[in-house]
Structures are given as C-alpha cells and as structure tokens.
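Trainee: Submitted below is the structure of interest, expressed as structure tokens.
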Amino acid sequence: MEPDRVRCAWGDSAPEYARYHDEEWGTPLRGDDALFERLSLEAFQSGLSWLTILRKRPAFRAAFAGFSIDAVAAFTEEDEARLMADAGIVRNRAKVTAAIRNARAAQQIDGGLSDLLWSFAPPGPRARPATLADVPATSPESVAMAKELKRRGFAFVGPTTAYALMQATGMVDDHVATCFRATP
C-alpha cells in the first residue's frame with residue numbers, strides 16, 4: 001500500500017479501506033465459496049459501514065467456517081445460536097439466517113454460484129466514472145441478478161447489495177478515472 005497513490009476517495013479514509021481498495025476491490029474474483037463469502041459480507045453490511053465488516057471479516061470467516069458453502073449449509077439451530085452469541089460478528093438474526101439459507105440455495109445451483117453471478121456481468125467496456133458521484137448504486141444487471149437470486153431462494157440480496165458485490169468482485173470496474181487502479 002503506497003500512501004502517495006491517487007485512489008478513489010473512499011479508499012483514503014482509513015488504512016483498512018486503502019488496503020482493501022488497493023488489493024481487492026474491483027479485482028475479478030471467481031469461485032463458489034469466495035463469491036459466497038463476498039455475497040454474505042455484502043448482505044451483513046446492509047445498513048452498516050463497510051469498514052465495520054472489513055474489521056470483523058476475520059471473525060466472520062472463523063464463525064462461518066471460512067464461508068464454505070457446504071459447511072454453512074449444514075449449520076444447525078445450535079450453530080445459529082452460536083453465531084448470535086458471537087460478539088466478533090454482526091449479530092443480526094435475519095442476516096445470520098439469510099447466510100445459512102443462502103448457502104443452502106447456492107448448493108442447488110447447477111453450474112455453481114460463481115458461474116451464475118458472473119452471468120450478470122455487463123459485456124464489453126463501459127464509461128469509467130469521473131467521480132464517486134458518477135458511480136451508480138444499482139444497474140440493470142444488478143436488478144436482474146437480485147431478482148434471479150431471490151427466485152432461487154436467496155435472501156438479503158437486493159439490487160444495491162448485488163451491485164456492491166459486482167463492484168467488489170470485478171464484475172464491474174468502478175474505479176474513478178483518476179484512480180491508480182483505473183484500467184484503460
């Protein structure tokens with residue numbers, strides 16, 4: 001992490017944000033468990049600061065068995081109670097229940113979660129945002145992704161959460177034009 005780099009403005013607001021911005025955000029990510037983790041964390045972030053989630057991510061990974069879809073899908077009521085007692089994570093019953101439900105729904109996807117989610121990535125190049133004000137909160141693709149995930153039994157996956165997932169995992173590249181991570 002180099003402090004003199006020009007980043008998207010949010011990437012300079014905390015050391016954790018700078019590291020996340022420089023090393024992860026907008027980098028293409030594939031793999032069912034890896035994308036399940038990101039989808040789960042984006043859902044837990046709903047209504048909270050992403051910085052809160054970043055700081056709790058190690059505890060989330062420990063509590064949710066490394067976000068292995070099969071492991072989380074096998075969680076029991078006892079596991080749910082354990083999660084609700086874990087001060088290291090966000091203890092929101094609806095979000096905890098959704099993560100378990102989403103793991104079970106992910107198991108049912110022919111071809112896997114990764115292929116399904118990436119099928120919503122917009123094709124071809126698109127205009128790079130000039131400023132953060134030019135970055136949308138949703139897109140037609142994120143609306144379609146959220147609708148399909150809900151149809152398949154997922155919860156806490158609205159269009160804004162879906163778009164945040166798309167940004168975080170490189171399905172869309174919303175690094176602003178002046179950012180060192182902006183690709184031509």
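The values are calculated or read from the model by the stated rules, or taken from the named source; none is laboratory data. If you're wondering where the values come from, they're calculated on a predicted model, not measured in any experiment. Backbone-built Cβ (ideal geometry, glycine too); neighbour counts: all protein chains shown. Remember, those area values only see protein heavy atoms, side chains included, never the ligands or the DNA or RNA. Shrake-Rupley method; radii C 1.70, N 1.55, O 1.52, S 1.80 Å.
Trainee: Just the accessible area per residue of region 1-157, please: how many Å² with a 1.4 Å probe?
Mentor: Details: 7910 Å² over 157 residues.
Roughly 50 Å² per residue, with all protein chains present.
Trainee: Any idea what angle helix 50-63 forms with the longest principal axis of the chain, computed on alpha-carbon atoms, 0 to 90 degrees, nearest 10?
Mentor: So the helix axis and the longest Cα principal axis differ by about 40 degrees.
Trainee: 222 nm [θ] for the chain, helices only, -39500 (n - 2.57) per DSSP H run of 4+, per residue, to 500? Present the calculation step by step, with values, prior to reporting the outcome.
Mentor: Numbers: 9 runs with 93 residues, N = 184.
Here the helix-only value at 222 nm equals -15000 deg cm²/dmol.
Trainee: Putting +1 on Lys and Arg Cβ atoms and -1 on Asp and Glu Cβ atoms, find which of Gly88, Phe36, Leu48 reaches farthest to the positive end of the dipole of the chain.
Mentor: Farthest towards the positive pole: Leu48.
Trainee: To continue, here is another question. From the phi angles alone, apply the Karplus equation (6.51, -1.76, 1.60; θ = phi - 60°) to region 19-25 and give each ³J(HN,Hα) in whole Hz, x where the residue is Gly or Pro.
Mentor: Once θ is set to phi - 60°, the couplings for region 19-25 become 4, 4, 4, 6, 10, 10, 4 Hz.
Trainee: Where nothing but the Cβ of Lys and Arg (+1) and of Asp and Glu (-1) is charged, how large is the charge dipole of region 65-133 around its Cα centre, in debye to the nearest 20? Mind dumping the intermediate values first?
Mentor: Numbers: 8 positive and 8 negative charges, 96 e Å.
Magnitude of the dipole: close to 460 debye.
Trainee: Tell me which trypsin sites (Lys or Arg not before Pro) from region 1-62 have a DSSP coil assignment and no more than 12 other beta carbons within 10 Å of their own. Let's see the in-between values first.
Mentor: Values: sites: Arg5, Arg7, Arg19, Arg30, Arg38, Arg55, Lys56, Arg61; in loops: Arg5, Arg7, Arg30.
Passing sites in region 1-62 do not exist.
Trainee: Give the angle, between 0 and 90 degrees and rounded to the nearest 10, that separates the Cα long axis of helix 159-168 from the longest principal axis of the Cα atoms of the chain.
Mentor: 60
Trainee: Amide H of Val176: which non-local residues (sequence gap of 5 or more, or other chain) have their own amide H closer than 5 Å, using H built in the peptide plane?
Mentor: Placed amide hydrogens put Cys8 under 5 Å from Val176.
Trainee: What FRET efficiency, computed as 1/(1 + (r/R0)^6) with R0 = 45 Å and r the Cβ-Cβ distance, is obtained for Ala182 and Lys147, rounded to the nearest 0.05?
Mentor: On the way: r = 30 Å, r/R0 = 0.67.
E between Ala182 and Lys147, to the nearest 0.05, is 0.90.
Trainee: Loop only by DSSP, 13 or fewer other Cβ within 10 Å of the Cβ. Give me the trypsin sites (Lys or Arg not before Pro) in region 95-146 that pass, ordered by residue number. Can you show the working numbers first?
Mentor: Details: sites: Lys95, Arg101, Arg104, Arg126; in loops: Arg126.
Of the trypsin sites (Lys or Arg not before Pro), the ones in loops of region 95-146 whose Cβ has at most 13 other Cβ atoms within 10 Å are Arg126.
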